[in-house]
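Beneath this line is the structure, given in structure tokens, with notes to follow.
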Amino acid sequence: MKSRTIKVDYLARVEGEGGLYVKMKGDKLLDVKLKIFEPPRFFEAFLRGRNYSEAPDITARICGICPVAYQMSSVHAMEDAFGVKVEGPLRDLRRLIYCGEWIESHALHVYMLHAPDFLGYQDAIQMARDHADAVQRGLKLKKTGNDLVTLVGGREIHPINVRVGGFYKVPTRSELDALTDRLKWAREAAIETVRWVATLPFPEFEQDYVFVALRHPDEYPFNEGHLVSNRGLDILIRNYEDHFAEEHVEHSNALHSVLKPDTNYFVGPLARYNLNFDRLSPVAQEAARAAGIGPVCRNPFQSIIVRSVEIVQACDEALRIIERYQPPEKPAVEIQPRAGTGHGCSEAPRGILYHRYRLDAAGVILDAKIVPPTSQNQKTIERDLREFIPKFSHTPQAELQWKCEQAIRNYDPCISCSVHFLKLDLERE
Amino acid sequence: MARKAKPKLAVWKFASCDGCQLSLLDCEDELLAVAGEVDIANFAEASRAVIKGPYDVSLVEGSITTPHDAERIHHIRRASKFLVTIGACATAGGIQALRNFANVEKFTSIVYATPAYIQTLSKSTPISEHIRVDFELRGCPINKQQLVEVLGAFLNHRKPVTPEHSVCVECKSRGNVCVMVAHGTPCLGPVTHAGCGALCPSYDRGCYGCFGPMESPNTKSLSEGWVHLGVKEADLVRAFRGFNAYSEPFRRESEAHEK
């Protein structure tokens, strides 16, 4: 039988450096490897010896696309270690800046990175020649998200205003009010986005996944909650490492995560949605139903619809927060470092992001562990490809290769994030 | 009428967070206009399409940290007429250059489960240590208006206007109260390259130097000022050992306080 190899040396429209290697004999699949050659940067190593207060700014540099997620997971981990709880308007402002990040990151992925696959364009700029209105809408949505991050955080990439305990300076009511009309436009544009992406052609590809996400008693999750799965997992964030482990494999500079003992799992918009549909605001639920997806969606290609529903959710939540906002008396609660270990987990646009820090009495970091969403999805991405390729093995090589890339982009992989986590001795306490 | 060929723009990535190249996609108002003026010939974060070199302008993000990348940058230089490095990783080695201050052998033995799987250099170095660079744009991340300015200048055959004075000048022109004088907040503004618009002091915090050292900074005098404010030596080392730790002036200053 003739053997076939599909090689993508450098995956496009993902963040970071990765490739794909597939080997087939006839219709039989022999090997699939999602290769990650993004060079390691050793964040967990050089965080040792840094002050607790530096973690939000340093870990933000792991990812230029979702710096807010790193800032949020790190401040929550530090506050957990110091026994501090941030509540009221400061807690709301954290949710608000996270709304901005979800809007900009999701709009980037939906319009610029993923939609061109469904419509057969190399990129959004080529797509703009035939779909100018859609691309303009996407850019304007993305800009609204970025402007929200900038207003609360100072700038859109690596915001400077987030600190352990709160912020350096909080916005006034009128500064936030100034964004209300644009966010109302954005909420409508997001609903239009859901309608638009629902018309894209989706391959039949329902899979039985183990979804993992945060779940909060009454909110769609951002910063807090239990870690839950659709298989009955329900644990505190601090118990993450009792249930999840990381493996070092040769073809990837990112560790592969498993739900112990060896189950691969799925994090990100699709997981959040399936585990928290009842926590979505009515307008987001309505948008999802109108698009023809119910409370359960197991086709990863439809993650583009779910991501769009989450833009609706983030715009709606941002408007609710702005409406009730009363500036706090102080921009941050006081922090008194003490020796101990803190855990934090928040919902990055691409899924759960876990941080754990051990600190001395002066607040100096003794060791750190960071598990980003994309390394948790790696095994599931490879499994999807193993299921997907035999079903479409009759398609011509170039088209099959593109379909494989599209299947990877279902996860909005952030390879820059997924690397730098090669520190296995971190389990020592 | 014959159409003049558009200049070819390429974007390249080395060890980095992707944030500086994202700045180009974050130019939501200018992106389609820029795409009308140039052919985006290689920009993996945004497009599957790849057009062969040579390239009229290459934007290079990230630092050199692997033997393979130390080779690759030479190919990119050869294929590029005008090469601009963008961001603290490309211009100073980035936060990952903190490895440059560690005992590499000890460091490696602590870090890796299976070191044989990994190829990495003992130092993270700026692009200019490897090849000739035509223009350096600072920042962690870069300022997107400055990126548009650099591209505009290139397209119009003029020199980009990116001031080399300190953050202090930007702070004064914004009318900020000095956080160091008024609140006793340690600030790297007096020695840091302008470009952010004095962002941190405008948010009541001290500058943490993400645009790297200005032209001829007096870091010693600033350190003395910090010591007067009660800052300890170990904290001075950390302050200069940030996102531009391996830039010469910041590196020397951090080493001066290391005991």
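Structure values in brief
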{"quantity": "q = 0.06, 0.08, 0.14, 0.15 Å⁻¹, the range A:43-427: log10 I(q)/I(0) [Debye, one scatterer per Cα]", "calculated": "-0.21, -0.38, -1.22, -1.40"}
{"quantity": "Environment charge at B:Ile86 (Cβ cut-off 14 Å; Lys +1, Arg +1, Asp -1, Glu -1)", "calculated": "-4"}
{"quantity": "A:Leu200-A:Glu387 FRET efficiency (beta carbon distance; Förster radius 25 Å; 0.05 resolution)", "calculated": "0.75"}
{"quantity": "B:Ser47 long-range amide H proximity, modeled H, under 5 Å", "calculated": "A:Arg13"}
{"quantity": "The range A:1-24 residues near the modelled A:Gln397 label - backbone nitrogen below 14 Å, point 7 Å along Cα→Cβ", "calculated": "A:2-9, A:22-24"}
{"quantity": "Full-extension gain in nm, A:Asp31 to A:Gln207, via 0.36 nm per residue minus C-alpha separation", "calculated": "61.4 nm"}
{"quantity": "In range of the label at B:Arg158: residues from the range B:186-228 whose backbone nitrogen is under 20 Å from the point 7 Å along Cα→Cβ", "calculated": "B:195"}
{"quantity": "Alpha-carbon Debye profile of the protein assembly as shown, log10 I(q)/I(0) at 0.06, 0.10, 0.11 Å⁻¹", "calculated": "-0.31, -0.92, -1.15"}
{"quantity": "3J(HN,Hα) from dihedral phi, the range A:41-47, Karplus parametrisation 6.51/-1.76/1.60, rounded to Hz, x for glycine, proline", "calculated": "10, 6, 4, 5, 6, 7, 5"}
{"quantity": "Rg to Rh quotient for chain B, alpha carbon positions, Kirkwood Rh", "calculated": "1.01"}
{"quantity": "The range A:283-297 - phi-based ³J(HN,Hα) in whole Hz, Karplus 6.51/-1.76/1.60, Gly and Pro as x", "calculated": "5, 6, 4, 5, 4, 5, 5, 4, 7, x, 10, x, x, 10, 9"}
{"quantity": "Principal semi-axes in Å for the range B:1-76 [√(5λ), Cα gyration tensor, largest first]", "calculated": "24, 17, 8"}
{"quantity": "Anisotropy class of the range B:8-155 from Cα gyration tensor, a/c 1.5 cut", "calculated": "prolate"}
{"quantity": "Residue-by-residue Karplus 3J(HN,Hα) for the range A:392-400, coefficients 6.51, -1.76, 1.60, Hz, glycine and proline x", "calculated": "10, 5, 6, 6, x, 3, 4, 6, 5"}
{"quantity": "Where GluC sites (Glu not before Pro) fall in DSSP loop in the range B:180-258, at most 14 other Cβ within 10 Å", "calculated": "B:Glu215, B:Glu258"}
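All of the numbers you see were taken from the coordinates with simple rules; none came from a lab. Bear in mind the structure is a predicted one, so any value in this text is a computation, not a measurement. Quick reminder, even Gly has a Cβ in these numbers, built from the backbone with ideal geometry, and neighbours come from all protein chains shown.
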